[in-house]
1. Condition first: away from the ligand (no atom under 13 Å from the Cβ) and either modelled with pLDDT under 90 or not assigned by TED's automatic domain parsing to the domain that holds residue 169 (or both). Now tell me which residues in segment 309-348 satisfy that.
2. What about residue 39, is it within 16 Å of the ligand (Cβ to nearest atom) and either under 20 Å from the mean Cα position of the chain (by Cα) or closer than 23 Å to residue 146 by Cα (or both)?
3. Name the single residue that is farthest from the chain's Cα centre (by Cα) among those in segment 229-257 being without any contact (Cβ under 8 Å) to a residue 60 or more places away in the chain, in a strand (DSSP E or B) and farther than 30 Å from residue 173 by Cβ.
4. Going residue by residue through segment 121-133, is there one that turns out to be within 16 Å of the ligand (Cβ to nearest atom) and buried (at least 19 other Cβ atoms within 10 Å of the Cβ)?
5. Surrounded by 13 or more Cβ atoms within 10 Å (Cβ to Cβ), over 20 Å from residue 227 (Cβ atoms) and within 16 Å of the chain's Cα centre (by Cα): is that true of residue 322 in this structure?
6. Quick one: which strands (runs of 3 or more DSSP E) lie wholly within segment 32-112 and hold at least 1 residues that are at pLDDT 95 or above and under 17 Å from residue 363 (Cβ atoms)?
7. Output the number of the condition that residue 137 fails; it satisfies all remaining conditions of (1) in a strand (DSSP E or B); (2) more than 18 Å from residue 343 (Cβ to Cβ); (3) within 16 Å of the ligand (Cβ to nearest atom).
8. For the list (1) over 23 Å from residue 325 (Cβ atoms); (2) surrounded by 24 or more Cβ atoms within 10 Å (Cβ to Cβ); (3) within 16 Å of the ligand (Cβ to nearest atom), I need the number of the one condition that residue 159 fails.
Ligand SMILES: [Zn+2]
């Protein structure tokens, strides 16, 4: 084992041993939730390594830690990796196990492995003369309410470029869909079921809407395609109404999930729903719209992206821009106009799974690639703009 290898594996071992399950998951055993333990560890780690670090509380007991190297007034690149994990009932979740070239443990791939890659890169860069302010954000609550990234960007920090370190198998992800949830309620007239003609059945009205939504969802699949993401999609995931068979129900709620392409807005998503229901006679209201995350679509023409692409090509890796179906913290910096990509070691397929694991080689390679990216050029603000000024 090389010194770097040994260092990365011991750091990952320490982080996995500190439970940081997202408290949004009610099955998590008592005493395992929250980012407090990992946050305190990182502040000590930074202190021991002579690295700048600062704690920001996104909510009481929900810290983010920002770490930095390089000149303060230089253009800044932020690598964000989250401290919280998703609870699964994997065996010995907090003990890192090494087997067949993989590290196994809760959070190994999502997202403590990518966090270790960023920290190893930061530690090496802190000893070099670099032209970039290299920031690492250990964020909180990525797996539930995204409290951390929402708290930090743009209120606390506004970096020039952002890499969200999530497992992409070292592919550059420049695009993902947005996600929204819309709730619709139908209303009727409640009467005893023996008096059917006097009532108005809210479930029958909802059924009409569900059929129209299904037809629209099918039509979306034949709609405009994004080269990396395909089409918009829509799914009716919840229908709730009525309380007993002998009552004509007066209310029914439908909840649908809309996965949107870049360019869609809360208004255009609402317009899709309104259009889907246009021919329906049912009495309905849109009662709630939750636009959780906007889509990501970063231009590969941004020099930061092009630079990482050439570094991947040099390393013999796939440098093509990729799209993924899931949303990440990236929506937040992208929303405020910061060029953002998702890039990190490990396979998302093992995240949230019973055997969470990350390839040791990829983890080490990710740290190397980040160091190479930062040291590859004399960085200017214009390296983070789609079109040079
Ligand atoms: Zn993650």
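1. Across segment 309-348, the qualifying residues are 325, 335.
2. Working: within 16 Å of the ligand (Cβ to nearest atom): no; either under 20 Å from the mean Cα position of the chain (by Cα) or closer than 23 Å to residue 146 by Cα (or both): yes.
The answer is no for residue 39.
3. Among those residues, the one meeting the criterion is 247.
4. The answer is no; no qualifying residue exists.
5. No: the conditions fail for residue 322.
6. 76-82, 97-99, 102-104
7. (2)
8. (3)
The values are calculated or read from the model by the stated rules, or taken from the named source; none is laboratory data. Note that the structure is predicted; figures quoted are calculated from it, not measured. Positions of Cβ are generated from backbone atoms using ideal geometry, with glycine treated the same way; all protein chains shown enter the neighbour counts.
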